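Reading through the structure tokens given below for one structure.
The values are calculated or read from the model by the stated rules, or taken from the named source; none is laboratory data. Note that this is a predicted model, so its numbers are computed, not measured. Neighbour counts are summed over all protein chains in view; Cβ atoms, including those assigned to glycine, are modelled from backbone coordinates with ideal geometry. Remember, those area values only see protein heavy atoms, side chains included, never the ligands or the DNA or RNA. Shrake-Rupley method; radii C 1.70, N 1.55, O 1.52, S 1.80 Å.
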Amino acid sequence: MTDAYAEERTLVLLRHSKAEPPDDGPDVDRGLSVRGAADAAAAGAWLARRELLPDVVICSASRRTRQTWHRVAMGMTGTPPEGGPAGPAPAVHYEADAYEAQPEDLLALVRRVDPAARTVLLVAHNPGISLFSALLDPERADQDGLRTSDVVVHRTGVTWAELGRGRAEITDRHTARG
């Protein structure tokens, strides 16, 4: 391919940071713990140091994933996620379908990303996000799955719409701890 979309794409998978323990309320409403907030900011700083700033963010609509994204964005730029010294703010999509999602559900969300986007950050939950990473790179995926605040970087030469099983190699990973 010689068109503009033949360039490498980067998909960053992030399991949400440590949440508060369950209480009597709905699981979807659990927020981050103090440690989780610090770990998310550390993940953002790690991504910024590696110049893995997303063009698009797909984030589960749960409270803890939204809070994770907000803290990651602050860790990337030192400011809230409205843009700042690191460049323009990414397009952020809060997706109810990413909560309790299966790997195929997450794949469907990524396949809908604008083909011009080069770097996508997906913030979601286990077991779906771990299984999604394994679907994209079965040979290199961590068999124990992603822990809270784990970042896994996948790279691919195909368009988002063509993404599928075994089509995005794991090139880096990091467990953020603040």
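Looking across region 41-55, the residues that are assigned to a loop (DSSP other than H, G, I, E, B) and in contact (Cβ under 8 Å) with a residue 60 or more places away in the chain come down to Arg50, Leu52, Leu53, Pro54, Asp55. Kindly indicate whether any position in region 28-47 is under 18 Å from Gly145 (Cα atoms), open to solvent by 30 Å² or more (accessible area, probe 1.4 Å) and of a type in the set (A, V, I, L, M). Scanning region 28-47, I find no residue that is under 18 Å from Gly145 (Cα atoms), open to solvent by 30 Å² or more (accessible area, probe 1.4 Å) and of a type in the set (A, V, I, L, M), so the answer is no.
Residues that are out of contact with any Ser or Thr (no Cβ under 6 Å at 6 or more places or on another chain) and farther than 24 Å from Gly166 by Cβ within region 96-114 comprise Ala96, Glu100, listed in sequence order.
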